[in-house]
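Take a look at the structure below.
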Amino acid sequence: QVQLVESGGGLVQAGGSLRLSCAASGSIFSINDMGWYRQAPGKQRELVATITSGGNTMYADSVKSRFTISRDNAKNTVYVQMNSLEPEDTAVYYCYMITGGLVYWGKGTLVTVSS
């Protein structure tokens, strides 16, 4: 079993910053991609950012230049630094991890950006 636990969500004013973390535990061998999705109220879940095992990154257009994804392979942890937050960034943020050919998800952490 693999468990992912997110942390770092909360309430922040527009223009502020937050850093989300997602730590994986359990029967983990080699982790491939890690990343973040988000789901705003009434909207579909959308990709925010991904990072490969080699460190290559990809971002949604809406967060490019504002968000930075990183990972610590020794800690089986993925991060996303979110700067210049906007009310449109309000959502539940879910981390995911691909290992052993399977995708695992965290339960989500709520980010609320007030105007």
Measuring from its Cα centre, the chain shows a charge dipole (+1 at each Lys and Arg Cβ, -1 at each Asp and Glu Cβ) which, in debye to the nearest 20, is 140
Note on segment 8-65: contact order normalised by length, alpha-carbon pairs under 8 Å, 6 or more apart, percent, works out to 21
Residue separation between Ser70 and Ser115 times 0.36 nm, minus their alpha-carbon distance, gives in nm 13.5 nm
Residues of segment 1-28 with backbone N under 11 Å of the label point set 7 Å from the Cα of Ser84 along Cα→Cβ are 15
Mean separation of Cα contacts under 8 Å (at least 6 apart) over the residue count of segment 17-115, i.e. the relative contact order in percent, is 33
The extension gain from Ala60 to Ile28, computed as 0.36 nm times the residue separation minus the Cα-Cα distance, is 8.8 nm
With +1 on the Cβ of every Lys and Arg and -1 on the Cβ of every Asp and Glu, the dipole magnitude of segment 47-115 about its Cα centre, in debye rounded to the nearest 20, is 240
Projecting the Cα atoms of Thr109, Ser27, Ala60 onto the charge dipole of the chain, where Lys and Arg contribute +1 and Asp and Glu -1 at Cβ, the residue farthest towards the positive end is Ser27
Computed over the chain, protein heavy atoms only, probe 1.4 angstrom, the accessible area per residue in square angstrom equals 53
With all protein chains present, segment 8-87 has a carbon and sulfur share of its accessible area (1.4 Å probe) in percent of 46
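The values are calculated or read from the model by the stated rules, or taken from the named source; none is laboratory data. Everything quoted here is computed from the prediction, not taken from an experiment. When we count neighbours, we look across all protein chains shown, and the Cβ atoms used for this are built from the backbone with ideal geometry, even at glycine. For accessibility, only protein heavy atoms count, side chains too; no ligands or nucleic acids. Shrake-Rupley method; radii C 1.70, N 1.55, O 1.52, S 1.80 Å.
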